[in-house]
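Data first, discussion second: the structure below is written as structure tokens.
The values are calculated or read from the model by the stated rules, or taken from the named source; none is laboratory data. The shown structure was predicted, so the numbers you read here are calculated from the model rather than taken from an experiment. Note: ideal-geometry Cβ built from the backbone for every residue, glycine included; neighbour counts use all protein chains shown. Protein only, heavy atoms only, side chains kept; ligands, DNA and RNA dropped before computing areas. Shrake-Rupley method; radii C 1.70, N 1.55, O 1.52, S 1.80 Å.
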Amino acid sequence: MPITPATAPNSSSNGTAQPILLELVDESGRTVGTAEKLSAHQAPGQLHRAFSVFLFDEQGRLLLQRRAPGKYHSPGVWSNTCCGHPYPGEAPFTAAARRTHEELGVSPSLLAEAGTVRYNHPDPASGLVEQEFNHLFVGLVQSPLRPDREEVGETAFVTAAELSERHARDTFSAWFMTVLDGARPAIRELTGPSGGW
């Protein structure tokens, strides 16, 4: 499927524009319908399925990305390795692997499920709302990054201590700490006790 910004429609084979749809869910994560991507994020927000990926290098450092300045939502802020939304009917695991490759040009190794979190995070800068049932994934990155500059402004590998320093001085996505805290048990299992996560 093509990569398009939230406000740009997909083109079908007959040339008609199709909106990007998200999968709406109930509080248990069961699918209840679909909604256009931008409208699902407009206040008060509609609960929809999402995913967040945390990839680590061989030294146990977390790969962060700074979202590209042209993104419609939370531009220019730091966040986890990759996040996004499955297409309706697409498995979250498949979407996480697909989107990581689209944004960063790498295929995660040992990608594993790390649970789910549900949150409601308004973005004061844009007025948009993240009302998400988020599937968490952890894994390794073992090949050179090839970021898509329309999606990713910058990347950095950080230790747990470096992340604390960076988080204190830089702007991060509203959802970052929620998804990181939700993934910590799986992160600790992946990186070992000496990683500090």
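Quick check: from the Cα gyration tensor, does the stretch 141-184 come out rounded (a/c under 1.5), prolate or oblate?
Cα axes put the stretch 141-184 in the prolate bin.
Calculate, for Tyr72 and Arg188, the FRET efficiency according to 1/(1 + (r/R0)^6) with r their C-beta to C-beta distance and R0 41 Å; round to the nearest 0.05.
Using R0 = 41 Å, I get an efficiency of 0.75.
Rounded to whole Hz and in sequence order, give me ³J(HN,Hα) for the stretch 67-83 from the Karplus expression 6.51 cos²θ - 1.76 cosθ + 1.60, θ = phi - 60°, writing x for Gly and Pro.
With coefficients 6.51, -1.76 and 1.60, one gets 5, 4, x, x, 5, 6, 10, 6, x, x, 9, 7, 7, 5, 3, 7, 8 Hz.
Tell me, what is the per residue accessible area of the chain in Å², probe radius 1.4 Å?
46 Å²
Quick check on the stretch 116-197: what does the Kirkwood estimate of hydrodynamic radius come out to from the alpha carbon pairs, in Å?
The Cα-based Kirkwood calculation yields 14.8 Å.
Ordering Arg66, Arg188 by how much accessible area each has at a 1.4 Å probe, largest first, what is the list?
Of Arg66, Arg188, the descending order of accessible area is Arg188, Arg66.
Per residue of the stretch 47-56, what does 6.51 cos²θ - 1.76 cosθ + 1.60 with θ = phi - 60° give for ³J(HN,Hα)? Whole Hz please, x for Gly and Pro, Karplus curve as stated.
5, 9, 7, 9, 9, 9, 10, 10, 10, 10
Under a crude label model (7 Å from the Cα following the beta-carbon direction), how far is Phe157 from Glu102 in nanometres?
Spacing of the two 7 Å Cα→Cβ label points: 2.6 nm.
What ratio of Cα Rg to 2.2 N^0.38 Å holds for the chain?
In units of the 2.2 N^0.38 Å rule of thumb, it is 0.99.
Extension gain Arg149-Asp57, at 0.36 nm per residue separation less the Cα-Cα distance, in nm?
Contour length minus Cα-Cα distance gives 31.0 nm.
To the nearest 500 deg cm²/dmol, what mean residue ellipticity at 222 nm is calculated for the chain from DSSP H runs of n ≥ 4 alone, each contributing -39,500 (n - 2.57), summed and divided by the residues?
It lands at -7000 deg cm²/dmol.
Once phi is turned into θ = phi - 60°, what whole-Hz ³J(HN,Hα) does the Karplus curve with 6.51, -1.76 and 1.60 give for every residue of the stretch 156-166, x standing for Gly and Pro?
Ordered by residue, 3J(HN,Hα) equals 7, 9, 9, 7, 4, 5, 5, 5, 4, 5, 5 Hz.
Considering only protein heavy atoms, with the full assembly of protein chains and a 1.4 angstrom probe, order His48, His135 by accessible area, largest first.
Sorted descending by solvent-accessible area, the residues read His135, His48.
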